[in-house]
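**Student:** Mind having a look at this structure? Questions to follow.
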Amino acid sequence: MLATILAWIVGIEHLGIMVLEIWASPKQQAKAFGLSNDYTQQPEARVSMANQGIYNGMLGLFIIATTWLFGGTIQLQVWALLLLFIIVVAFYGGLTVGKKVWIMQLLPAVLAEGAVLAVWLG
């Protein structure tokens, strides 16, 4: 149960990130992601952020959909794989973008991964 809740939190978080990356105003994006307003207003940056938003949204959606698409060990394996993906990406993001990524994205993914692995391997 804890593994499911934590996986869902990570999934919902990534859906929220998608909303910010695709539909938020440049000013909201600048504030949320620690970027300059000048950068987020550039058409190329808007397209790039929207593209990244699709990835985050699909990742979040698949984490949540895994609840219904798979059961038992397969469900845990899929969650473990998706959460590992987030852990790697968030670790790199913390190195390149800022330490805030480690708190906001890496920590929830690590906690969820730990809970999933405890159920799967425990």
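**Student:** Here is a list: Gly72, Gly122, Gly114. Which entry is open to solvent by 80 Å² or more (accessible area, probe 1.4 Å) and closer than 18 Å to Met1 by Cβ?
**Tutor:** On inspection, the qualifying residue turns out to be Gly122.
**Student:** Being open to solvent by less than 50 Å² (accessible area, probe 1.4 Å), closer than 19 Å to Thr96 by Cβ, of a type in the set (A, V, I, L, M) and out of contact with any Leu (no Cβ under 8 Å at 6 or more places or on another chain) is the filter here, so list the residues in the range 23-44 that pass it.
**Tutor:** Ala30
The values are calculated or read from the model by the stated rules, or taken from the named source; none is laboratory data. Keep in mind that this is a model prediction, so the values were computed, not measured. Quick reminder, even Gly has a Cβ in these numbers, built from the backbone with ideal geometry, and neighbours come from all protein chains shown. When the accessible area is computed, the model is the full protein with side chains, heavy atoms only, and any ligands, DNA or RNA have been set aside. Shrake-Rupley method; radii C 1.70, N 1.55, O 1.52, S 1.80 Å.
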